Amino acid sequence: MKLAVFASGRGSNFQAILDAIATQRLRAQVVLCVSNRTDAGALQMAQAAQIPATVVEEKQFASSPEYANALLAQLAKHEVNFIALAGFMRKIPVAVVRQFRHRIINIHPALLPSFGGKGLYGHHVHEAVLEYGCKVSGATVHFVDEEYDTGPPILQRCVPVLENDTPETLAARVLEIEHQIYPEALQLFAEERIRVEGRRVKIL
Ligand code: GRF
């Protein structure tokens with residue numbers, strides 16, 4: 001598996017993937033880190049791990065096909081065959097989604113289809129979960145399709161919502177689970193144990 005990790009922020013899921021590879025829980029090679037921000041923590045992690053990294057900012061391009069082509073060119077150059085989005089804050093161009101159909105996944109810090117979609121990212125998710133009064137939350141690894149957070153779920157895991165939770169304490173509990181299930185999900189692909197039947201993702 002020649003993996004590209006797309007990250008806009010601190011990169012803790014990227015680090016969890018690198019750790020899983022280092023400890024042989026994940027049989028994959030991260031060949032590229034893509035960010036849309038020059039200040040992303042993930043870029044420093046890539047540098048520390050001697051992984052090629054690139055910043056591709058949508059606004060640098062005159063049109064969306066050019067933006068998509070720039071991403072596709074980077075992916076081709078590094079012979080990427082699988083993409084993991086890890087806190088990437090930009091919509092993936094349709095051309096990239098189509099070329100990587102069923103080979104591009106994301107992690108979301110809630111149990112989809114609840115608390116997903118445009119605007120529901122970061123602390124907004126956990127605030128919404130607490131405001132609604134949910135008793136459980138969790139994380140979802142899912143396929144990326146043309147919309148936000150709508151692709152079929154691959155792995156989901158729950159955490160309890162505690163009575164004195166704040167968005168921060170809940171986020172921390174969910175993040176711990178994210179760091180477990182993201183490498184686990186990727187390893188299922190590495191082992192070719194994922195079969196997609198419509199929206200149902202079967203683990204062989
Ligand atoms: C995670 O909570 C992930 O679920 C969401 O964005 C956040 C990224 O965090 N998609 P990090 O950059 O991996 O620490």
The chain accessible area per residue, 1.4 Å probe, protein heavy atoms, integer Å², reads 51
A chain fully extended from Asp39 to Tyr132 at 0.36 nm per residue, minus the present Cα-Cα distance, gains in nm 30.1 nm
Scoring only Lys, Arg, Asp and Glu (+1, +1, -1, -1) among other residues with Cβ under 11 Å from the Cβ of Gly116 yields -1
Rounded to the nearest 10 degrees, the helix 12-22 long axis (Cα) sits at an angle to the longest Cα principal axis of the chain of 70
Note, Ala172: beta-carbon cut-off 12 Å, +1 each Lys/Arg, -1 each Asp/Glu, net -3
Net charge near Lys91 (other residues with Cβ under 12 Å of its Cβ; Lys, Arg +1; Asp, Glu -1) is -3
Stretched fully, the stretch from His102 through Thr169 gains (0.36 nm per residue minus C-alpha distance, one decimal, in nm) 20.8 nm
Interchain or sequence-distant (5+) residues whose placed amide H lies within less than 5 Å of the amide H of Arg157 are Ala139
Phi angles of the stretch 77-87, converted by Karplus (6.51 cos²θ - 1.76 cosθ + 1.60, θ = phi - 60°) into ³J(HN,Hα) in whole Hz with x for Gly and Pro, give 4, 9, 6, 5, 10, 7, 10, 10, 8, 10, x
So the angle from the long Cα axis of helix 167-190 to the longest Cα principal axis of the chain, reported in degrees to the nearest 10, equals 50
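Could you work out what % of the accessible surface of the stretch 79-204 is carbon and sulfur, using a 1.4 angstrom probe and leaving DNA, RNA and ligands out of the count?
With neighbouring chains kept in place, the figure for the stretch 79-204 is 52 percent.
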The lysines whose Cα lies under 28 Å from the Cα of Lys2, excluding any fewer than 8 residues away in the same chain, are Lys59, Lys77, Lys91, Lys202
The set of residues whose placed amide H lies less than 5 Å from the amide H of Ile104, leaving out same-chain residues fewer than 5 positions away, is Ile83, Val144
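The values are calculated or read from the model by the stated rules, or taken from the named source; none is laboratory data. What you see is a predicted model; the values in this text were computed from it and never measured. Virtual Cβ from ideal backbone geometry, glycine too; neighbours counted across all protein chains shown. For accessibility, only protein heavy atoms count, side chains too; no ligands or nucleic acids. Shrake-Rupley method; radii C 1.70, N 1.55, O 1.52, S 1.80 Å.
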